Structure formats: C-alpha cells, structure tokens
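The values are calculated or read from the model by the stated rules, or taken from the named source; none is laboratory data. Predicted, not measured: the structure shown is a model, and the values here were computed from it. Cβ placement follows ideal geometry from the backbone for every residue including glycine, while neighbour counts extend to all protein chains displayed.
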Amino acid sequence: MEHDKLYDLAVVGCGPAGLSAAINAAIRRKDLIILGSEFCSPKLHKAPRIDNYLGLPGVGGEELRQAALKHVAQFGLRVEPARVEAIIPLGDRFQLLTRTSLYEAKAAVLATGVVEVATLPGEEDFLGRGVSYCATCDGPLFGGQPVAVVSDIVEGEEEANYLADVAAEVYYLPLYKRSYKLNAKVTVLPARPRAIHGLTGVEGLELTDGTVLSVKGVFIIREATNPNRLVPGLDLNGTAIRVDREQRTNIPGLFAAGDCTGRPFQLAKAVGEGQVAALSAVRYLDQKK
Ligand SMILES: Cc1cc2nc3c(=O)[nH]c(=O)nc-3n(C[C@H](O)[C@H](O)[C@H](O)COP(=O)(O)OP(=O)(O)OC[C@H]3O[C@@H](n4cnc5c(N)ncnc54)[C@H](O)[C@@H]3O)c2cc1C
C-alpha cells in the first residue's frame, strides 16, 4: 500500500536510539513516523540489570523499555510495526519499503541495532544467487521452486506466508520459540542451519543434523538488518555505518544512531546518538525549507 503522506522524518528502529531520536524530533515539532519491530527492543528487554545508565543504577532493561515506550506515547507517537526492507534515497526524499507498504520522508534516522550473528557459510557467496534477505523483493524469482526461510524473529512468518503463495514448497526454520502463525502450506522444521551449498546458485541448505534440504532459495530474516543491504550506497566502516559527529551518513538527509554506528554497544551511547541524529535531521530539514 502506498501512503501518499510525505513525513518530515522517518525513524527506522525502535530501540533506545530510535526512540530517543523520535522524542527529540517530536519536541522540535517535526512530523515523523517510527517504523520498528513488533517488540521494541529485544536487546533492552534482555538486559537484566543496567548499572551504567546515569541516574538509574541497577535499573532493569524491561523496566526501562516500558518507561521508554510510555515516554514516546506521551508525545502522541506510536511505533508502526513494520520491518523496513529497503530505503531508497531520491535526493529530496526517501522511500521506505516494507513488505506491504511504501512510506516517504524528507529525512531518515537509521537506528536498527547491530547484527551480531555469524553469517552462514555460503551466505555471502550465494547472495543474489539464491540467498535473499527480502521475500517481497526476491520472492517472485522463486516461482514454483522450493525455498527455505531461516528466521530469528517472528516477522519471518509473514515472509514465509507470502512465499507460500509463490514457491512450490516453503520450509520454515524458526530460531526462536513461540507458537507460529503460518499458512498450512508452510512446513515448520525445528532445526538449525549449518551451511548453504550450490554451484552457480543455491542447491541445498544443510542442517546441523547433517540433512540437506533441497532448495533453490534461502531467505534469511534477522533481528537487525545489515545496513548496506538496507540502503544502497551507504558508507560503512567494517559492519558499522560511518557517521560524523553530527551522526550524518554519506547520504544527505540520512542519519544513523546507536549500535548500528559501531562500538561501544551501550545504552547511553545509543540514547545520546539518537538525540544528536534527531537534532541534525531537524537542522537539515529547516535548511531545506
Ligand atoms: C543481555 C544484554 C545486556 C546489556 N546490558 C547493558 C548494560 O548493562 N549497559 C548498557 O549500556 N548496555 C547494555 N546492553 C546493550 C544495550 O541494550 C544496547 O546497546 C542498546 O539496546 C542499543 O540500542 P539501539 O537502539 O542502537 O539498538 P537495539 O536496542 O538493538 O534496537 C534496534 C531496533 O531496531 C529494530 N530493527 C532492526 N532492523 C529493522 C528494520 N529493518 N526495520 C524496522 N526495525 C528494525 C530491531 O528489531 C530493534 O527493535 C545490553 C544488551 C544485552 C543484549
């Protein structure tokens, strides 16, 4: 669905960095949208006890998470539970694509956290030749063929359900535990992947028990998205997004904050960078007027 609204700012990610950017942009009266995961943020939730956040010694991650969401709601903001699959810079605006919608904003803050999982053997080699991170983008290439979806997060279920309409067979490998909302055509495999095999393209997904699933496509859905797969042409420093002291990336109008800009992976840095990114985005928007 295309939204005909042009927002001032899109914040991508709803962890401490994204939510900090959002409240600061809201204070400066910018019209913004937060596009985030269904659960904001799993990392903060997992932090059992935080001792280095100024003024709140020993605070629990979950307590802080709930306080942050309440704070955001007090500004009349809400998180749109939509996983951004691609961001296209168009010069005067950005298009942000999710599986079902297209959003537009004049500026954007990336606050997508960090990918810490090791990539699967074969993942890089077969990228674009059977390995994909986006069912909406690449699903149609696998019409009538068997595919596997390996997902760290519940959002992977939507990808698998969509693929079930296109592919001959869909195997779903959830790397999380809960009940699944999956189309009857999707086969759930409680197994872990070991490697992706093939010659010129993907031919199989090997599981840790040694079984090889015969598939032509492997869709990998992770908690955090690798930033250069999200935005073409984004400058990186290793795996981190390269930013300056104003949290500007190499793409005008695109800012980044939090773990996605590199170490230390810490809460106070994420919140501080979110604020700087928002204020820089506000300055950018005001200069464009
Ligand atoms: C067990 C544990 C203990 C910790 N303890 C401490 C501590 O004591 N002190 C401390 O300072 N820090 C601690 N941390 C680190 C702290 O939680 C992180 O530094 C902080 O959460 C980073 O915030 P962030 O907003 O950059 O990223 P995250 O919190 O990871 O949030 C990123 C959000 O963006 C979403 N997202 C990713 N890609 C997309 C996309 N394409 N579209 C939409 N949304 C997307 C993710 O789902 C996630 O909700 C701990 C972390 C863990 C796991």
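Residues are listed down the side, and each one gets a yes or a no for (1) assigned to a loop (DSSP other than H, G, I, E, B); (2) of a type outside the set (Ser, Thr, Tyr):
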position: THR136; (1), (2): no, no
position: ALA148; (1), (2): no, yes
position: ILE153; (1), (2): yes, yes
position: VAL170; (1), (2): no, yes
position: LYS177; (1), (2): yes, yes
position: ALA184; (1), (2): yes, yes
position: PRO190; (1), (2): yes, yes
position: ILE196; (1), (2): no, yes
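Can you pull out the residues in the stretch 111-126 that are closer than 8 Å to ALA224 by Cβ and at pLDDT 90 or above?
Hits for the stretch 111-126 are THR112, GLY113.
Of these, GLY210, GLY233, which one is away from the ligand (no atom under 16 Å from the Cβ), in the same structural domain as VAL84 (by TED's automatic domain parsing) and in a loop (DSSP other than H, G, I, E, B)? Show your work before the answer.
Values: GLY210 fails: in the same structural domain as VAL84 (by TED's automatic domain parsing).
Testing whether each residue is away from the ligand (no atom under 16 Å from the Cβ), in the same structural domain as VAL84 (by TED's automatic domain parsing) and in a loop (DSSP other than H, G, I, E, B) leaves just GLY233.
So which of GLY253, GLY201 is surrounded by fewer than 24 Cβ atoms within 10 Å (Cβ to Cβ) and touching a Gly at 6+ places or on another chain (Cβ under 6 Å)?
On the way: GLY253 fails: touching a Gly at 6+ places or on another chain (Cβ under 6 Å).
Of GLY253, GLY201, the one residue that is surrounded by fewer than 24 Cβ atoms within 10 Å (Cβ to Cβ) and touching a Gly at 6+ places or on another chain (Cβ under 6 Å) is GLY201.
Please name all residue pairs, on different chains or six or more residues apart, with Cβ atoms under 7 Å, provided the first residue is in the stretch 36-47 and is free of Cβ contacts under 8 Å to residues at least 24 places away in the same chain and the second residue is among the small types (Gly, Ala, Ser).
Sorted first by the residue in the stretch 36-47, then by its partner, the pairs are HIS45/GLY61; LYS46/GLY61.
All but one of (1) touching a residue at least 24 places away in the same chain (Cβ under 8 Å); (2) assigned to a loop (DSSP other than H, G, I, E, B) hold for TYR284; state the number of the condition that does not hold.
With respect to (1) touching a residue at least 24 places away in the same chain (Cβ under 8 Å); (2) assigned to a loop (DSSP other than H, G, I, E, B), TYR284 is out only on (2).
Please tell me if VAL282 is in the same structural domain as ASN52 (by TED's automatic domain parsing), more than 20 Å from VAL72 (Cα to Cα) and in contact with a helix residue (DSSP H, G or I) (Cβ under 9 Å, 6 or more places away or on another chain). Let's see the steps before the verdict.
Working: in the same structural domain as ASN52 (by TED's automatic domain parsing): yes; more than 20 Å from VAL72 (Cα to Cα): no; in contact with a helix residue (DSSP H, G or I) (Cβ under 9 Å, 6 or more places away or on another chain): yes.
No, not satisfied.
List pairs: first residue in the stretch 235-258 and within 19 Å of SER20 (Cβ to Cβ), second residue within 12 Å of the ligand (Cβ to nearest atom) and of a type in the set (Asp, Glu) anywhere in the structure, Cβ distance under 6 angstrom, at least six positions apart or on different chains.
Close Cβ pairs satisfying both conditions: GLN247/GLU273; ALA257/GLU273; GLY258/GLU273.
Please note which helices (runs of 4 or more DSSP H) are completely contained in the stretch 1-104 and include at least 2 residues that are modelled with pLDDT of 95 or more.
Hits in the stretch 1-104: 16-27, 61-74.
Within the stretch 11-30, which residues are within 13 Å of the ligand (Cβ to nearest atom) and free of Cβ contacts under 8 Å to residues at least 40 places away in the same chain?
Selection gives nothing.
Any idea how many residues of the stretch 210-232 are under 17 Å from the mean Cα position of the chain (by Cα) and either in contact (Cβ under 8 Å) with a residue 12 or more places away in the chain or surrounded by 15 or more Cβ atoms within 10 Å (Cβ to Cβ) (or both)?
To start, the set of residues in the stretch 210-232 that are under 17 Å from the mean Cα position of the chain (by Cα) comprises 219-232.
Restricting the remaining residues to those that are either in contact (Cβ under 8 Å) with a residue 12 or more places away in the chain or surrounded by 15 or more Cβ atoms within 10 Å (Cβ to Cβ) (or both) gives 219-227, 229-232.
Adding up the residues that qualify gives 13.
If you take the residues of the stretch 33-48 that are more than 20 Å from THR261 (Cβ to Cβ) and in contact with a strand residue (DSSP E or B) (Cβ under 8 Å, 6 or more places away or on another chain), which of them is nearest to the ligand (Cβ to nearest atom)? Even if it seems obvious, please write down each step before you answer.
Just the residues of the stretch 33-48 that are more than 20 Å from THR261 (Cβ to Cβ), to begin with: 33, 38-39, 45-46, 48.
Now narrow it down to the ones that are in contact with a strand residue (DSSP E or B) (Cβ under 8 Å, 6 or more places away or on another chain): 33, 38.
Working: ILE33: 11, GLU38: 8 Å.
Checked the stretch 33-48; the qualifying residue nearest to the ligand (Cβ to nearest atom) is GLU38.
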